[in-house]
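Colleague: Following this message is one structure expressed as structure tokens.
The values are calculated or read from the model by the stated rules, or taken from the named source; none is laboratory data. Just so it is clear, the structure is predicted and the values come from calculations on it, not from any experiment. Every residue, glycine among them, receives a Cβ derived from its backbone with ideal geometry; neighbour counts consider all protein chains shown. Heavy atoms of the whole protein, side chains included, go into the accessibility calculation; ligands, DNA and RNA do not. Shrake-Rupley method; radii C 1.70, N 1.55, O 1.52, S 1.80 Å.
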Amino acid sequence: MSKKSKVFLSCCLALMIACGFVGCQNMNKALEDSVSEIHETVLYGRAEGFFVEVIGGRIENDYALDGVKNGMKNFVAVKVRTDGEYSDMSAAFTVNGKTYNETLTVSPFDAGRWTAVADGELPVETLDVTLTADGESFGVALAKVPSGDVKPLDILKENFESQLMECYKDGKFDCEISVRLVKSPDENSDVYYWYVVAYKPDKTFFGLMIDSATGEVLAKKS
């Protein structure tokens, strides 16, 4: 066998090992097709004692992290955190000519956290939101969370290829994946992380937390 042939075969073998038995392209498509929740745009801002997030993305119908992906739909979620005590709250904003005026629901576990979810898309870089809390209005300017060129699914594949391969059963990928952009739990920090998790039908899961700006893996759960 010629030296050139040996080099060629060595390269092919390395590529097969790196990509797994289904091949890189098939694995990439399987991961993309198995995403049952994804945050595509997250905007945030602070004002008047409020921290506001508006999240746009897609989520499966009848959402359940059971390892099986259903059909998908668009969503826009509003999240408000405040130290004030209020009995009612709403949020109003306009995106590409569509006006949202959402009544928020207070968390049963934390009176300072309010949420609402609506149908729609969020293809914007900035957003002005008007909060109304107990009849008083507050304006909050939001900006998009920068996520750079970080590709969370690629990083998941790099770190958990063997576990992802185990999701293949009879030619089918039996896991579902959640890709969320979440804020640091530190109240004084506006750092965001990609939280990427693969859920199996047996309710076990694995995943990681990634710095949204640098792509550094900060934590893993296998």
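Colleague: Any idea which of (1) crowded, with 17+ Cβ neighbours inside 10 Å; (2) at pLDDT below 90; (3) farther than 29 Å from Tyr100 by Cα is the one Ser147 doesn't satisfy?
Modeller: (3)
Colleague: Same structure, new question: Take the residues in the range 139-197 that are assigned to a strand (DSSP E or B), of a type outside the set (A, V, I, L, M) and in contact with a Phe, Trp or Tyr (Cβ under 6 Å, 6 or more places away or on another chain); name whichever of them is farthest from Thr126 (Cα to Cα).
Modeller: Filtering first and then ranking leaves Glu176.
Colleague: So for the range 75-91 (the condition being within 30 Å of Lys169 (Cα to Cα), within 15 Å of the chain's Cα centre (by Cα) and charged (D, E, K, R)), does at least one residue qualify?
Modeller: no
Colleague: Which one is farthest from Glu158 (Cα to Cα) among residues in the range 204-214 that are modelled with pLDDT under 95 and open to solvent by 20 Å² or more (accessible area, probe 1.4 Å)?
Modeller: Once the filter is applied, the top-ranked residue is Thr204.
Colleague: Being of a type in the set (Asp, Glu), assigned to a strand (DSSP E or B), more than 26 Å from Lys200 (Cα to Cα) and open to solvent by 10 Å² or more (accessible area, probe 1.4 Å) narrows it down to one residue among Glu37, Glu53; which is it?
Modeller: On the way: Glu37 fails: more than 26 Å from Lys200 (Cα to Cα).
Step by step, each of Glu37, Glu53 is checked, and only Glu53 is of a type in the set (Asp, Glu), assigned to a strand (DSSP E or B), more than 26 Å from Lys200 (Cα to Cα) and open to solvent by 10 Å² or more (accessible area, probe 1.4 Å).
Colleague: Mind listing just one residue for me: the one in the range 179-193 that is farther than 15 Å from Lys79 by Cα and open to solvent by 20 Å² or more (accessible area, probe 1.4 Å) and, of those, modelled with the highest pLDDT?
Modeller: Ranking the qualifying residues of the range 179-193, first place goes to Tyr193.
Colleague: Of all residues being aromatic (Phe, Trp, Tyr) and at pLDDT 95 or above in the range 87-132, which is surrounded by the fewest Cβ atoms within 10 Å (Cβ to Cβ)? Just the residue, please.
Modeller: Taking the range 87-132 as the starting set, the residues that turn out to be aromatic (Phe, Trp, Tyr) are 93, 100, 109, 114.
Right, trim to at pLDDT 95 or above and you get 93, 100, 114.
On the way: Phe93: 23, Tyr100: 19, Trp114: 26.
Only one residue tops the list, namely Tyr100.
Colleague: Of all residues in the range 58-97, which are within 23 Å of Asp110 (Cβ to Cβ) and not hydrophobic (A, V, I, L, M, F, W, C)?
Modeller: Selection gives Tyr63, Lys79, Arg81, Thr82, Asp83, Gly84, Glu85, Tyr86, Ser87, Asp88, Ser90.
Colleague: Anything in the range 60-86 that is in contact (Cβ under 8 Å) with a residue 60 or more places away in the chain, open to solvent by 10 Å² or more (accessible area, probe 1.4 Å), over 23 Å from Glu121 (Cβ atoms) and not aliphatic (A, V, I, L, M)? List them, or say none.
Modeller: Selection gives Asp66 alone.
Colleague: Taking Val52 as the residue in question, decide whether it is closer than 11 Å to Ala116 by Cα and β-branched (Val, Ile, Thr).
Modeller: No, not satisfied.
Colleague: Does Gly171 fit the bill of being at pLDDT 95 or above, among the small types (Gly, Ala, Ser) and under 23 Å from Lys69 (Cα atoms)? Quick ask: steps written out before the conclusion?
Modeller: Numbers: at pLDDT 95 or above: no; among the small types (Gly, Ala, Ser): yes; under 23 Å from Lys69 (Cα atoms): yes.
When the stated conditions are applied, Gly171 does not pass them.
Colleague: Which of the numbered conditions does Gly135 fail, given that it passes all the others? Conditions: (1) touching a residue at least 40 places away in the same chain (Cβ under 8 Å); (2) surrounded by fewer than 18 Cβ atoms within 10 Å (Cβ to Cβ).
Modeller: (1)
Colleague: In this structure, does Ser184 turn out to be without any contact (Cβ under 8 Å) to a residue 24 or more places away in the chain and more than 19 Å from the chain's Cα centre (by Cα)? Break it down into steps so the answer makes sense when it comes.
Modeller: Working: without any contact (Cβ under 8 Å) to a residue 24 or more places away in the chain: yes; more than 19 Å from the chain's Cα centre (by Cα): no.
Judged against the criteria, Ser184 is not a match.
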